[in-house]
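Chemist: Quick one: the structure is below, questions incoming.
Where a number appears in this text, it was derived from the coordinates with a stated rule and is not lab data. In this text the structure is predicted, and so the values were computed from the model without any measurement. Note that each Cβ is placed from the backbone with ideal geometry, even for glycine, and that neighbours are counted across all protein chains shown.
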Amino acid sequence: MDSNSNPPLHEAYDMLLSKSRNSNEQSGFDDDEVLVVEETELPAINVSHLAESDEVRREECKSEIAKASQEWGFFQIVNHGISNDVFSVLRVEREKIFKQPFEKKSKENKLFNFSTGSYRWGAPTATCIRQLSWSEAFHIPLTDILSSTDSNTFSSTIEEFASQVSILAKTLAHILAEKMGHKCSFFEENCLPSSCYIRLNRYPPCPLASEVHGLMPHTDTAFLTILHQDQVRGLQIVKDGKWIAVKPNPDALVIIIGDLFQAWSNGVYKSLEHRVMTNPKLERFSMAYFFCPSDDTLIESCTEASKYRNFSFGEYRQEVRDDVQKLGYKIGLPKFLIRRGAT
């Protein structure tokens, strides 16, 4: 990719990088972080079984989804109904967008009628090298996509993707609610296009791959994230206290349980920490759909003896923003735990 299209990551991070090299902070990773076990295939679930007439097979598929959400918090789905043609077109069009000059991406913010501020890069609140992120992204509200009047290839294809992935997210959320004993309209009423969004990610080649993350360790805030990634490795998750490298599967979508589902399910479904590693030679692309409620939606446990106090999504997002601004990283759900027995 043309160098004038890359964000000035090296220049922006030069001070923190120099500071780390002149101190005891030798790299962006703790010693235990670099001990990654060999690549692992995430559980893969064939969700086409959900459309079968055989009720037993449908229920088996639903149980697989719930089990993976409990034991992993990360899983893959295949035969999800979104065609390869959609991803092929988006792959080409996405690269065109990121190839725009950095000045145009960062100042105009009107590419394809995206909302002002959609383009983001790096880690502006980083206070140390561990918090750096070697990446750029377009953070696009779903309403921007579905209300677009553009007739270009990118707009029409991403609108098709957005419509299909929204249905898929609701289907998965309903299944997870049903397996908790709740057949409610909560997600239908609260997770609307006005509160969901799509994020296009690019991780440029990084000459400091041994020092800097592509995306620093974090958990996702949404109920669900549906991720489509390319074949360049980089995604890693924490499982049983170890970092595990996720092997890309070209035919699958990765499903990530977020903080809201962990709180809503009272800890039954797991929101796992994950990160993206950089690559010294290859750029990496991904596209994520975030299934979120409106800010005034109350998040409360669907079972008794809740581990977490009730909170609105807006309150949670504000806490995350405040922590990132003050500390450089997100604390998240631990701040909302109920401390029983405290005096």
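Chemist: Ordered by residue, what ³J(HN,Hα) values in Hz, to whole numbers, does the stretch 140-150 give under the Karplus form 6.51 cos²θ - 1.76 cosθ + 1.60, where θ = phi - 60° and Gly and Pro are x?
Modeler: Along the stretch 140-150, the couplings run 10, x, 4, 5, 4, 6, 6, 9, 5, 9, 5 Hz.
Chemist: Also: Taking amide H positions as placed in the peptide plane 1.01 Å from N, state which residues far from residue 197 in sequence (5 or more) or on other chains have amide H under 5 Å from it.
Modeler: Those lying under 5 Å, H to H, from residue 197 are 142, 290, 292.
Chemist: Would you grab the residues whose amide H sits under 5 Å from the one on residue 46? Only those 5+ places off in sequence or on another chain, please, with H modelled 1.01 Å from N.
Modeler: 78
Chemist: Local charge sum around residue 65 (other residues, Cβ-Cβ under 12 Å, Lys/Arg +1, Asp/Glu -1)?
Modeler: -1
Chemist: Describe numerically, in nm with one decimal, the distance between label points set 7 Å from Cα along Cα→Cβ at residue 147 and at residue 128.
Modeler: 4.3
Chemist: For the stretch 170-183, in order, what is each residue's ³J(HN,Hα) by Karplus, 6.51 cos²θ - 1.76 cosθ + 1.60 with θ = phi - 60°, in whole Hz (x at glycine and Pro)?
Modeler: For the stretch 170-183, the Karplus curve yields 5, 4, 5, 5, 5, 5, 5, 5, 4, 6, 8, x, 10, 9 Hz.
Chemist: Let me ask another. Semi-axes of the stretch 3-306's equivalent ellipsoid from the Cα gyration tensor, sqrt of 5 times each eigenvalue, largest first, rounded to whole Å?
Modeler: Calculated on Cα positions only, the semi-axes equal 32, 24, 18 Å.
Chemist: Around residue 140, what is the net charge, scoring Lys/Arg as +1 and Asp/Glu as -1 over all other residues with Cβ under 12 Å from its Cβ?
Modeler: Charge balance near residue 140 sits at +1.
Chemist: Given the pairs 107/239; 105/330; 183/326; 104/281; 183/330; 104/242, which are separated by over 29 angstrom at their Cα positions?
Modeler: Check vs 29 Å cut-off fails for 107/239; 183/326; 183/330; 104/242.
Chemist: With θ taken as phi - 60° and the coefficients 6.51, -1.76 and 1.60, list the Karplus ³J(HN,Hα) couplings across the stretch 7-16 in order, rounded to whole Hz; mark glycine and proline as x.
Modeler: x, x, 5, 4, 5, 5, 9, 4, 5, 5
Chemist: I've got another one for you. Collect residues whose amide H, placed 1.01 Å from N in the peptide plane, falls under 5 Å from the amide H of residue 239; neighbours closer than 5 in sequence don't count.
Modeler: 244
Chemist: Give the separation of the Cα centroids, the stretch 294-343 to the stretch 118-168, in Å.
Modeler: Rounded to whole Å, the Cα centres lie 25 Å apart.
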